Amino acid sequence: MGALTGKRIVLGVTGGIAAYKAVEVCRRLVEAGAHVQPVMTDGALEMVGATTFSALASEPVKTSLFDDPETPIPHTRMGQAADLVLVCPATARIISDIRTGRSADLLMSTILATRAPVVVCPAMHTEMWEQPAVQENLDVIERRGVSIVPPERGRLAGGDTGDGRLADPATVVAHVERALTEHDLAGRHVLVTAGGTREPIDPVRVISNKSTGKQGYAVAAEAWARGARVTLVTTVETPEPVGVHRVDVQTAADMQRAVESIDDADIIVMAAAVADFRPADPADHKLKKTDGAAPEIPLEKTHDFLVDLGEKKPDGQVLVGFAAETDDLVGNARAKLERKKLDLIVANDVSQPGVGFGYDTNEVVIIQADGSCEHVPLTDKRDVARRVLDTAANKLG
Ligand code: CTP
């Protein structure tokens with residue numbers, strides 16, 4: 001069950017050119033299980049048709065305080081029932097009205113009538129975005145607790161390019177999830193590794209493994225949604241989740257350096273599939289088949305730096321390892337947990353269908369140093385991430 005399942009969201013659409021993109025946001029929210037009530041301003045109705053939103057949302061669009069004789073005070077009903085109000089796109093006008101509390105239309109009245117979190121996605125031309133008045137209004141409402149989804153740089157209406165373009169729909173949805181999630185990791189730094197390391201044979205060839213980084217990425221996304229500052233050390237090209245600081249690495253040695261350079265992590269989740277062996281003497285030129293017989297490639301062990309992290313673990317830090325196994329799942333994982341002095345280990349049987357490398361799903365056993373075991377049946381990797389971080393957050397106390 002995701003953060004959006006069953007949540008009532010009022011989607012306020014105001015009159016910016018980007019209003020058409022709110023259609024996609026609406027679709028994604030509904031797909032993720034939210035109950036979406038669209039509210040459009042007069043300006044928004046000039047940009048897109050109400051029918052499109054009504055067709056995709058959970059309820060028909062509302063546009064006025066007075067258009068429904070059966071619901072004489074729709075703003076209080078919607079405001080009180082909402083788990084969240086999302087304003088996407090948000091014009092300079094609505095941002096100003098939120099600051100001053102001016103109840104100019106149904107959307108503003110609903111925002112005033114709610115105690116739920118409010119998420120605002122500004123979208124406007126660069127000149128408007130950079131106006132001190134707009135920036136000051138945003139500062140004030142942010143300090144009051146409104147979440148702002150920063151606009152991006154890119155193509156704007158009329159062929160211009162600059163800051164002020166509405167954030168990508170996936171980014172908007174990630175911010176909504178975050179606003180609906182308890183921030184039990186606020187003020188914490190979570191360090192996550194992801195992907196299989198790539199150990200060079202020569203300048204164009206590597207030894208690697210089947211890891212795609214999906215489980216590590218899901219842990220990073222979940223940690224950010226829970227309010228943490230997140231660093232993701234990754235070997236894969238997949239764009240990082242929203243809000244996450246990314247460090248790119250290739251080899252086990254690179255990953256070790258990147259991880260060891262961070263000394264303030266409260267939780268370390270070593271989801272990466274670090275190579276156990278690497279070519280002992282990588283060639284500095286491309287090996288050519290015309291060189292003769294197929295080359296012998298002697299291997300040497302890589303350094304298991306999770307062992308070092310366990311040895312040097314500062315007080316209060318929670319260290320999480322992963323174990324990809326094909327037999328005696330719990331026995332092998334427990335032995336690794338003890339040998340590497342971990343607080344918990346997440347064991348998956350990668351010989352099972354739908355489990356581990358490359359899949360969007362996983363089935364794991366979360367084993368703690370005190371011996372307790374929690375089985376997480378086959379589910380999506382974000383769910384697994386949630387359970388791993390529940391356990392880790394509990395250990396932080
Ligand atoms: N790990 C590491 N450095 C290595 C190898 C592994 O930090 N050189 C970490 C992985 O990121 C993972 C954990 O150790 O969190 C377990 O990795 P795994 O490959 O399952 O176990 P190994 O210790 O390599 O044991 P084996 O190869 O015998 O299964």
Expressed per residue, the solvent accessible area of the chain in Å² (1.4 Å probe) is about 47 Å²
Excluding ligands, DNA and RNA, the carbon-plus-sulfur percentage of the accessible area of the range 103-257 with a 1.4 Å probe reads 49 percent
Hey, for a label at Ala55 modelled as a point 7 Å past Cα toward Cβ, could you say which residues of the range 1-28 have their backbone N under 18 Å away?
-> 19-28
Solvent exposure, largest accessible area first (probe 1.4 Å, DNA, RNA and ligands not counted), of Glu24, Glu199, Glu182 | Glu182, Glu24, Glu199
Only Lys, Arg, Asp and Glu count, each charged at its Cβ (+1, +1, -1, -1), so figure out the dipole size of the chain about its Cα centre, rounded to 20 debye.
-> 340 debye
Which percent, to the nearest 5, of DSSP beta bridges fully inside the chain are antiparallel?
-> 35 percent
Take the chain, connect every pair of alpha-carbon atoms lying under 10 Å apart with a spring to form a Gaussian network, then pick out the residue of Pro353, Pro89, Pro60 with the largest mean-square fluctuation.
-> Pro353
May I ask which of Lys286/Lys340; Lys301/Lys395; Lys210/Lys340 have a Cα-Cα span longer than 29 Å here?
-> Lys286/Lys340; Lys301/Lys395
Calculate the dipole size of the range 189-396 relative to its Cα centre from +1 charges on Lys and Arg beta carbons and -1 charges on Asp and Glu beta carbons; express the result in debye to the nearest 20.
-> 300 debye
Magnitude of the Cβ-charge dipole (Lys and Arg +1, Asp and Glu -1) of the range 169-259 about the Cα centre, nearest 20 debye, reported as 60 debye
For the range 23-52 and the range 355-397, what is the separation of their C-alpha centers, rounded to whole Å?
-> 35 Å
Once you put a point 7 Å from the Cα of Ser351 and another 7 Å from the Cα of Met1, both along the Cβ direction, what distance in nm separates them?
-> 3.5 nm
What residue among Val249, Val307, Gln317 has its Cα farthest toward the positive end of the dipole of the range 189-396, where the charges are +1 on Lys, Arg and -1 on Asp, Glu, each on the Cβ?
-> Val249
Which of these, Gly15, Gly79, Gly159, has the largest mean-square fluctuation under a Gaussian network model of the chain (Cα springs below 10 Å)?
-> Gly159
Estimated FRET transfer efficiency when R0 is 22 angstrom, pair Ala283-Asp254 (beta carbons, to 0.05) | 0.70
Express in whole angstrom the spacing between the alpha-carbon centres of the range 179-230 and the range 96-144.
-> 34 Å
Can you give the convex hull volume of the alpha carbon atoms of the range 189-396 per residue, in Å³?
-> 128 Å³
Go through Gly145, Pro132, Thr51 and say which Cα lies farthest out towards the positive end of the charge dipole of the chain; charges sit on Cβ, +1 for Lys and Arg, -1 for Asp and Glu.
-> Thr51
How far, in nm, would the chain grow between Glu24 and Ser372 when pulled straight, counting 0.36 nm per residue and subtracting the alpha carbon separation?
-> 120.9 nm
Given the range 189-396, what percent of its DSSP beta bridges are antiparallel, to the nearest 5?
-> 40 percent
Percentage relative contact order, the chain, counting C-alpha pairs under 8 Å, at least six apart | 11 percent
The chain: angle of helix 214-225 to the longest principal axis, Cα-based, in degrees nearest 10 | 40 degrees
What angle do you read, to the nearest 10 degrees and between 0 and 90, between the alpha-carbon axis of helix 19-31 and the longest principal axis of the chain?
-> 60 degrees
Free-by-geometry Cys in the chain, Cβ-Cβ under 4.7 Å as pairing rule, reported as Cys26, Cys373
Among bridges DSSP assigns within the range 8-179, what percent are antiparallel (round to 5)?
-> 20 percent
Surface share of carbon and sulfur [accessible, 1.4 angstrom probe, percent] for the range 1-83 = 55 percent
Ile262 accessible area, nearest 10 Å², 1.4 Å probe?
-> 40 Å²
State whether the chain is rounded, prolate or oblate according to the following rule on the C-alpha gyration tensor (a ≥ b ≥ c being the square roots of its eigenvalues): a/c under 1.5 gives rounded; otherwise a/b larger than b/c gives prolate, and the remaining case gives oblate.
-> prolate
State the answer as a single residue: which of Pro200, Thr76, Ala225 lies farthest towards the positive end of the charge dipole of the chain, with beta carbon charges of +1 for Lys and Arg and -1 for Asp and Glu, about the Cα centre.
-> Thr76
Using a 1.4 angstrom probe and counting only protein chains, how large is the accessible area of Phe277 in Å², to 10?
-> 110 Å²
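Would you calculate, for the chain, the mean residue ellipticity at 222 nm contributed by helices, counting each DSSP H stretch of 4 or more residues as -39,500 (n - 2.57) and dividing by all residues, to the nearest 500?
Result for the chain: -9500 deg cm²/dmol, rounded to the nearest 500.
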Largest-first ordering by accessible area, 1.4 Å probe, given options Arg143, Arg386, Arg155 | Arg143, Arg155, Arg386
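The values are calculated or read from the model by the stated rules, or taken from the named source; none is laboratory data. The shown structure was predicted, so the numbers you read here are calculated from the model rather than taken from an experiment. Cβ coordinates were reconstructed from backbone atoms using ideal geometry, including for glycine residues, and neighbour counts include every protein chain displayed. Remember, those area values only see protein heavy atoms, side chains included, never the ligands or the DNA or RNA. Shrake-Rupley method; radii C 1.70, N 1.55, O 1.52, S 1.80 Å.
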